[in-house]
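So the structure is just underneath, and the comments pick up after that.
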Amino acid sequence: MPPRRPQSRNPDNDASALLGDELRELRQAAGYRSQGEVTVLQADRSTLGRIETGERVPGADQLTALLDLYAVAGRLRRVYERLARVARATAADAPVRLWFSGYLEAEAAAHTIRVWQPLIVHGLFQTEAYAAALFTAMGMTPEQVREQVELRMRRQAILARPHPPNVTLVMWEPVLDHLIGTPEIMRDQLARLVELSQSIVIQVVPEQSGGNAGLGGAISVVEGPRGAVLLAEALLEDQVTQDQDVVVRGTATFDAVRGEALPRTPSRTMIMEAKDLWNSR
């Protein structure tokens, strides 16, 4: 048996390393003595090595191919699939971190969504191009950008379901003037907001109103079968909580900011005017 490749990850406390160890043992038990004998991944030859050392978590298709090859079925297969989901969620470069996945689940099941955004268009309402420009500006690789944009577009499916949630989006006016990507991207993004304003409540807080209670950061409150969940966004670390006291304070902040916003029709007019301005830039 060839010596194990050294690794810094500890399978006792790192799900990616544990999954890699298990997949290496499965390969050897299936009679594949070297990684080079495994050709089902349709990827670079080093990919399996990185998977088995925990440097990389296999994608769903890659894991399926490996488990099929190693003849893993039944309950044991489900265990490996669940372990892989945990590994993906806790990986340093995971598209969705484990702490955030709880919010996404609440959002997907929500009957009411209230959002305040002082900086950018909220993810539920972004176009693909706008989202891609944001993630690129954050320094993500093209692969990471693609993963994040796909995730963002899947989230938006709740707006098109037969019984969509009751949504209220409140934005600060500078969001309409803050260049993300190109003027064309901004024009299309604002056109998307105008379209959405026919089915959801979108209100704009005028910049001339001065400071407001929500300038400390974005707030999302989603309510569903399991109660209310608050997402408070920050520069370095966001907070997701169901703590009633915190949710109440977040909701109060949202209500205070909404009180400064224009009604729906004047807000729609402001967005349309901002869109037309981007046409001339």
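The values are calculated or read from the model by the stated rules, or taken from the named source; none is laboratory data. The shown structure was predicted, so the numbers you read here are calculated from the model rather than taken from an experiment. Positions of Cβ are backbone-derived with ideal geometry, glycine not excepted, and every protein chain shown enters the neighbour counts. Note: accessible area is taken over every heavy atom of the protein model, side chains too, but ligands, DNA and RNA are not part of it. Shrake-Rupley method; radii C 1.70, N 1.55, O 1.52, S 1.80 Å.
Quick look at the values:
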item: Residues (open to solvent by less than 60 Å² (accessible area, probe 1.4 Å), in contact (Cβ under 8 Å) with a residue 60 or more places away in the chain and not hydroxyl-bearing (S, T, Y)) located in the range 164-187; result: V170, E173, L176, I180, P183, M186
item: Residue list for the range 116-131, filter: assigned to a helix (DSSP H, G or I) and open to solvent by 30 Å² or more (accessible area, probe 1.4 Å); result: E128, A129
item: Hits in the range 36-93 (condition: assigned to a helix (DSSP H, G or I), of a type in the set (G, A, S) and within 14 Å of E22 (Cβ to Cβ)); result: A84, A87
item: Number of the condition not met by V246 [criteria: (1) in a loop (DSSP other than H, G, I, E, B); (2) more than 30 Å from D188 (Cβ to Cβ)]; result: (1)
item: Filter result (of a type in the set (D, E) and out of contact with any helix residue (DSSP H, G or I) (no Cβ under 7 Å at 6 or more places or on another chain)) within the range 44-80; result: D44, E55, D61, D68
item: Any pair with Cβ under 6 angstrom, 6 or more apart, that starts in the range 102-120 at a residue that is within 12 Å of V170 (Cβ to Cβ) and ends at one that is outside any helix (DSSP H, G or I) and polar (S, T, N, Q); result: R114/T168; V115/S220
item: Of residues in the range 229-251 being hydrophobic (A, V, I, L, M, F, W, C) and open to solvent by 60 Å² or more (accessible area, probe 1.4 Å), the one modelled with the lowest pLDDT; result: L236
item: Residue, farthest from P263 (Cα to Cα), within the range 195-212, restricted to residues that are open to solvent by less than 20 Å² (accessible area, probe 1.4 Å) and not in a loop (DSSP other than H, G, I, E, B); result: L196
item: Subset of the range 203-247 [charged (D, E, K, R) and out of contact with any Asp or Glu (no Cβ under 7 Å at 6 or more places or on another chain)]; result: E223, R226, E233, E237, D238, D243, D245
item: Positions within the range 13-35 being over 12 Å from R56 (Cα atoms), of a type in the set (S, T, N, Q) and either assigned to a helix (DSSP H, G or I) or within 31 Å of the chain's Cα centre (by Cα) (or both), in sequence order; result: N13, Q28, Q35
item: Qualifying residue in the range 213-228 (condition: surrounded by fewer than 17 Cβ atoms within 10 Å (Cβ to Cβ), outside any loop (DSSP other than H, G, I, E, B) and not polar (S, T, N, Q)); result: yes
item: Identity of the residue in the range 132-156, among the aliphatic types (A, V, I, L, M), in contact (Cβ under 8 Å) with a residue 24 or more places away in the chain and farther than 17 Å from V175 by Cβ, that ends up most open to solvent (accessible area, probe 1.4 Å); result: M153
